[in-house]
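Shown next, in structure tokens, is the structure this report addresses.
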Amino acid sequence: MIRNYLKIALRNQVKNKLYTSINVLGLSIGVACCLVLSLYIQDELGYDKHHDRYEDVYRLTSRFSGSITGFDHIPTTSPPIAFGLKSELAEIEEATRLVNPPSISANLIKYGDLALYETDGLLADSSFFNIFKYDFIEGDASKALTKPNTVVLSETLARKIFGEEPALNKVLSISNGTDPFDYEITGVFREGEKKSHIKANFFTSMTSSGWGEYINSIESWAAQNFIFSYVKLMPGTEPQATEADINRVLVKYGAEQMAALGFEKTMELQPVADIHLKSNFNFDVATNGSIMYIYVISSIAILILALACINFMNLATAKAAKRSNEVGVRKVLGAQKKSLIWQFIGESMLTVLFAVAISVLLTEIILPYFNSLTGKQISFDGDHLLFFIGSLVAITIVTGILSSLYPAFYLSSFQPASTLKGKSSAGHSLGNIRKTLVVFQFIIAIALVSGVIVINKQIKYMQAVELGFDPSAKIVIPLRNPGVREQYTTLRNEISKIAEVQNISAVDYVPGQMIISDFNLYPSGSNMDQAVHFKINRIDHGYLEMMKHKLLSGRTFTDNRAAEGQNKIIINKSAVQRLGFDINSIIGEQLHTDWENEIRTFEVIGVIDDYHHMSMHESITPVMFEYLEDPTYDHIIVETALENGTDIADRLKSIWKKEISDTPFEHSFLSQSIVNQYEEDKRVAQIISSFTLIAILISCLGLYGLSMYVAERRIKEIGIRKVMGADVSEIVALVSKDFAKLVMLAFLLSVPLSFFALKEWLNGFAYKTSIDWFIFIQAGVIAFLITILAVGYQSLRAAKVNPVESLRYE
């Protein structure tokens, strides 16, 4: 019997080649897209799950209240907290700390004649590898960072420096913003396929000279919150109860210091597996993903598969009339409804299996493009292979069930007496089901198109919004260690001699770089309890003018370094508003800060308009600019007369080599750095746009097949109308208007759903574009055009058929 069913299924597939092709193509594309997006989601969800007992590992975060604003919740703590908690609380099994030295984006590494800058150099405690699992190819993880001035390298960095030679026990000179120190290599780890939120090219011991000594000298439990602290809890420990104990210890050691600083701090435990996707912090040890984007991409994967299944059901039920006689005959000959259901399910599953087989090939073809789009390295190996096989089986079962159940139950329900008389009870109810599915299909299509339009509009808005400064034609040269910073005046004088250089100045934190330096300021007559939290940026004279910041009141800094360096500051408009002044009355005011029983006073000499130092994801916060007597800065900024400063960059390199021969030259273009802030948003937008186009293609395939069926069913009606004098345009309008009505209904239902979903997505941006009604009209017009193209072609073909042919019975 199974063999007979298989023969019938194959004959039906061959007999209806076009319908079969549409079904198989739609399903295979839908399944392939779902598989690719599933692999992406699995990759994003797989971070930090390879560590032993990862579910017991947490990162300590700090939440502030009171005068602290702008840093209300950060992923870091004060230096003594991690090990202080371990000594106080029995439920903490292990603790460790990680430090990315503030404002140090690259480290100078020297070995013999080789000198290079390397990013992502972190300080770590000796207990770090007891909590986080790394695959060591040289050295012993348990002993790697136990001694001062030791370093563990990634395999990539070790090969860059030593080639194929062993790196163990060799000595490197490393400068991480301080004077250089010698470090002994005690280990080399393989990056491997395991994903971690910690992005590191090397780790130096926390007991090392320089930063290590400074960190371990800090005793405050309230201030200096720049340490990433991790704890591993005892098995079975309740995190909520431990959080309460942690904050009890924090109050014990830090209450007095927090009161003096005018704020309150509480600690929270963040599961390490949540860090990659659920960290919405201003800064972190690595660039994190977004759980919101995962929800969006998951929804697209499900919707694409749903569209493919809807196509299958619509076309299967549309062809039901042609098989009604077959069902009637089978029932008269004694076939049970149960056996017919299994027959039709089997036929559907055969189509699904064929489509799934093709989808595997399509996935192989899509993956390289997808990896290029996302910057990932997803392939069919390791965990990805197991997940792919599991996903393939699950998607096959789900797709098979969704696609086959309704057609199978519907086809098996035909009554022999009606079907053999040429009548069918199907008509009206089946037509309503198909219409409902088409409406649902277009709700999905219109929602996806609306989403693509809004996402791309938001990205264009972020890139086009007035920044409050001019980043164009600016070359940034980092000064990464004290010896180089001391050469600033010499470099400035030499660079100024280049004819195409219009201006030159310096700054600690360039736009787009997180400002780490901060403290609280309050006006005369107030105190630290009412202080406003400021970010501090040190600049050279001429910087504000060169960047074209708008001066609202007062003045900027002059080149009289001795006079201007006496605690004179310039603040932004947001700071003035937070302090409760207006932009004119603030000039000449004294602002104060208390620290360790001393009061430091500043005089406001100028106010600039607000500007976007960071991306549009973040709000503008109070900023103050200082101009100190010591002319050492972290970055030189050169303004050129040419937008393309490549030639000038070569001359800058020559000057650098002449003055600083033992340190590599680096440069970047500020305008490009600003654009790069939105790379992740653009990548996700490209993913969503690409798969939305595929979803529309699947919708077109289904609509084309369904319109072909409608045209076949109404061929005689069309013939009669032509005989009665109807022209081609009237017939095309007649056939198309029913689908147009369905699109209009889908549009009306989709708009409110899309609006609320997109509004929620835009809430993730501090500065966002508006959702205009015209966006939904655009999406509706696109859906209508899709309908006209898919349905109109079939309608036109039917309208052009000679009535003699369409009305002929034999």
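Nothing in this text is a laboratory measurement; each read-out follows from the coordinates by a stated rule. Only a predicted model underlies this, so the values are computations on that prediction, with no experimental measurement involved. So basically every Cβ, Gly included, is an ideal-geometry build from the backbone, and we count neighbours across all protein chains shown.
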* **Members of K86/K252; K49/K160; K278/K460; K548/K653; K49/K278 lying beyond 18 Å, as alpha-carbon distances in this model show** => K49/K160; K278/K460; K548/K653
* Can you check what the net charge comes to around I459, using other residues whose Cβ is under 12 Å from the Cβ of I459 (Lys, Arg +1; Asp, Glu -1)? => +2
* What order, most packed first, do the peptides 185-192, 306-313, 215-222, 370-377 have when packing is the mean number of other Cβ atoms within 10 Å of each residue? -> 306-313, 185-192, 215-222, 370-377
* Rounded to 5, the percent of DSSP beta bridges in segment 68-261 classed as antiparallel -> 75
* Segments 483-495, 90-102, 31-43 sorted - mean Cβ within 10 Å per residue, highest first -> 31-43, 90-102, 483-495
* Mean-position separation - Cα centroids, segment 459-524 and segment 137-196, in angstrom -> 32
* Net charge near L153: determine it from the other residues with C-beta under 10 Å of the C-beta of L153, scoring Lys and Arg +1 and Asp and Glu -1. => 0
* Sort K86, K232, K741 so that the residue with the fewest other Cβ atoms within 10 Å of its own Cβ comes first and the one with the most comes last. => K741, K86, K232
* To do: Evaluate the charge dipole of segment 68-261 about its Cα centre and quote only its size in Debye, nearest 20, assuming +1 on the Cβ of each Lys and Arg and -1 on the Cβ of each Asp and Glu.
  => 120
* Structure fact -> Charge dipole of segment 68-261 built from unit charges on the beta carbon (Lys, Arg +1; Asp, Glu -1), centred at mean Cα; most positive-end Cα among G163, Y253, S175 is G163
* Structure fact -> Kirkwood Rh over alpha-carbon pairs of segment 482-662 plugged into Stokes-Einstein at 25 °C, 0.890 mPa s gives a D in µm²/s of 139
* Structure fact -> Given unit charges at Cβ for Lys, Arg (+) and Asp, Glu (-), the dipole magnitude of segment 482-662 about its Cα centre in debye, nearest 20, is 320
* To do: Could you tell me the largest-minus-smallest coordinate of the C-alpha atoms of segment 68-261 on each of the three principal axes, in descending order and whole angstroms?
  => 52, 37, 28
